[in-house]
Amino acid sequence: MKSFPPYRVQVVKEIPITTRQEREEALARAGYNMFDLPANMVTIDLLTDSGTGAVSAAQEAGAAAADRSYAGSDSWFRFKSALEDLTSFPHLFPVHQGRAAERILFSTALKPGQISLSNTHFDTTRANVELAGAQARDLPCPEAADLDSRDPFKGNIDLGALEETLSGPDGSRVGQVLITITNNGGGGQPVSMANLKAVRALCDRFGVPFFLDAARFAENSWLITQREEGYAGKTPKEVAQETFALADGFVASLKKDAIAPMGAAIGVRDENLAKQCEAILIATEGFRTYGGLGGHDLERVAQGLREVVDPNYLRNRAEETAHFARLINEAGVDIVQPAGVHGLYLNAGRLLQHMPPHGFPGHALACELYLAGGIRCAELGSLYLGTFDDEHNLITPAPFELVRLAIPRRTYTLAHLEYVADVLATIAKNPESVPEYRVTHAPQLLRHFNLKLRQV
Ligand code: F0G
């Protein structure tokens, strides 16, 4: 039987409908940079699933009754108890968003010169590892390199490479193993429980702490119940508890799987590490019972964490993404297989085969989606990951030219997703007409947020 969303729409927000001419002018004014487009010129915003989910009446009721006490507020105790229910970490801290959690944990757990090993570091995660003076190394499993392979757990870390690094000449410099669930930088693919358990065993053997970047812990748990042997009878909440129990600590942006506009958390077991994190938290974010969040944020997170592990919600969200993936394939566009949950990653390199990497096929497709249909999304290709010379010419292309269509939680209906697939189908009928782009301005720092380009 088909699933349906376990909620109905009670409050709505109008979305802008624009003409092609208006979009052409807006995108040119933005220097062909999606991050410089005003949101009121965007019809369907698939730039991110972060902080963009629709909140529930129960979340808003909690927010309205929030306690804003500086220390020990009721809202903090509800936030803490929702996290304890899932994670059982003795030391939990609120922070305003995921990257603040990363900065605080890594600046305490990592020493300059050390190495952080991961299935894939998300971009802010990598930046915070590097700001701590350490080096971030990605060890994705070999299956991840084949975009078409339908292997169920392409988010796994390469266990062979992990063991080799831990036992090799660099082993003594490894300061942490960080597993991102689901693997956002790696196509939104899940990590299996078997892989997480094997990481735990290797970290025990080599005496290295094992942390989770758990921004999408509920979606990873759901995919384990669907794809991993022995987990079909477990609830997503039970799988999440088992996942967190394996780790020494976690950072989690709660703007994703707590369906909250703002918020994040740090959890650790080690008391010393907790004390150091707490000192930095208080000095830079806020007191340990609010961490830079308002009482209303703490409440929305607490309630969102309960709603997100509802199997009816997760089943429907995963089925909607899978349906969207089928429509896109029927439109003649390939995606990174198999479909995950929080987004789909289009293989723009294959669709725009005529276009060389220095024409930026991923970015060209993203721009075309905007021009043709007012759809905003982000490139994950040579513009983002390639290397450039001083004149902004591409020297080393990225291995793949992808475009991520992130799907905000509970925000768009199937009709919106069908519209996006229709727009893609129109583009796919005549891919040769999509123009190339050239970079005209590229700052050293945070390049992809501040780029300027021109159409060729
Ligand atoms: N880790 C992962 C895996 C993420 O996807 C993100 C954010 C962060 C950490 C940082 O969290 O935004 O709360 O500071 N990802 C968003 C995205 C921005 O669009 O994928 P944050």
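Computed quantities for the displayed model
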item	result
Residues of region 329-358 that turn out to be within 21 Å of Ser3 (Cα to Cα) and in contact with a strand residue (DSSP E or B) (Cβ under 6 Å, 6 or more places away or on another chain), as a count	3
Close pairs from region 175-191: first at positive phi, partner within 10 Å of the ligand (Cβ to nearest atom) and not in a loop (DSSP other than H, G, I, E, B), Cβ under 6 Å, at least 6 apart	Gly188/Gly343
Number of the exception - Phe210 against (1) in contact with a strand residue (DSSP E or B) (Cβ under 9 Å, 6 or more places away or on another chain); (2) without any contact (Cβ under 8 Å) to a residue 40 or more places away in the chain; (3) more than 22 Å from Lys154 (Cβ to Cβ)	(3)
Selection status of Tyr70, aromatic (Phe, Trp, Tyr) and in contact with a Cys (Cβ under 8 Å, 6 or more places away or on another chain)	no
Count of residues meeting criterion [among the hydroxyl-bearing types (Ser, Thr, Tyr) and within 16 Å of the ligand (Cβ to nearest atom)] in region 121-151	2
In region 400-446, the residues that are in contact (Cβ under 8 Å) with a residue 60 or more places away in the chain and under 19 Å from the mean Cα position of the chain (by Cα)	Phe400, Leu402, Arg404, Leu405, Ala406, Ile407, Pro408, Arg409, Arg410, Thr411, Tyr412
Single residue of region 152-194 satisfying the filter (of a type in the set (Ser, Thr, Tyr) and within 16 Å of the ligand (Cβ to nearest atom)) that is surrounded by the fewest Cβ atoms within 10 Å (Cβ to Cβ)	Thr180
Restricting region 226-242 to residues that are of a type outside the set (D, E, K, R) and in contact (Cβ under 8 Å) with a residue 60 or more places away in the chain, the residue that is farthest from Ile115 (Cα to Cα)	Thr235
Leading residue by the ranking (surrounded by the fewest Cβ atoms within 10 Å (Cβ to Cβ)) among those in region 304-346 that are polar (S, T, N, Q) and either more than 17 Å from Ile375 (Cβ to Cβ) or free of Cβ contacts under 8 Å to residues at least 12 places away in the same chain (or both)	Asn312
Strands (runs of 3 or more DSSP E) contained entirely in region 360-445, each with at least 1 residues that are within 16 Å of the ligand (Cβ to nearest atom)	378-380, 402-406
Asp170 being touching a strand residue (DSSP E or B) at 6+ places or on another chain (Cβ under 8 Å) and more than 27 Å from Glu379 (Cβ to Cβ)	yes
Flag for Ser50 being of a type in the set (Ser, Thr, Tyr), within 16 Å of the ligand (Cβ to nearest atom) and out of contact with any helix residue (DSSP H, G or I) (no Cβ under 6 Å at 6 or more places or on another chain)	yes
Neighbours by Cβ (under 9 Å, 6+ apart or cross-chain): first from region 260-285, at positive phi; second in a strand (DSSP E or B)	Gly263/Pro94; Gly263/Val95; Gly263/Ser253
Members of region 256-280 that are out of contact with any Leu (no Cβ under 7 Å at 6 or more places or on another chain), more than 23 Å from Thr225 (Cα to Cα) and buried (at least 24 other Cβ atoms within 10 Å of the Cβ)	Val268
Residue match in region 29-39 (condition: part of a helix (DSSP H, G or I), small (Gly, Ala, Ser), within 15 Å of the ligand (Cβ to nearest atom) and surrounded by fewer than 20 Cβ atoms within 10 Å (Cβ to Cβ))	yes
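This table checks each residue for (1) within 19 Å of the chain's Cα centre (by Cα); (2) of a type in the set (A, V, I, L, M); (3) closer than 25 Å to Ile157 by Cβ.
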position: Ser75; (1), (2), (3): no, no, no
position: Phe79; (1), (2), (3): no, no, no
position: Thr87; (1), (2), (3): no, no, yes
position: Ala101; (1), (2), (3): yes, yes, yes
position: Ala109; (1), (2), (3): no, yes, yes
position: Leu117; (1), (2), (3): yes, yes, yes
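Bear in mind these aren't lab numbers, they're just calculated from the coordinates by the rules spelled out. All figures in this text were calculated on a predicted structure; none of them were measured in a lab. Glycine gets a Cβ as well: all are built from the backbone with ideal geometry, and neighbour counts include every protein chain shown.
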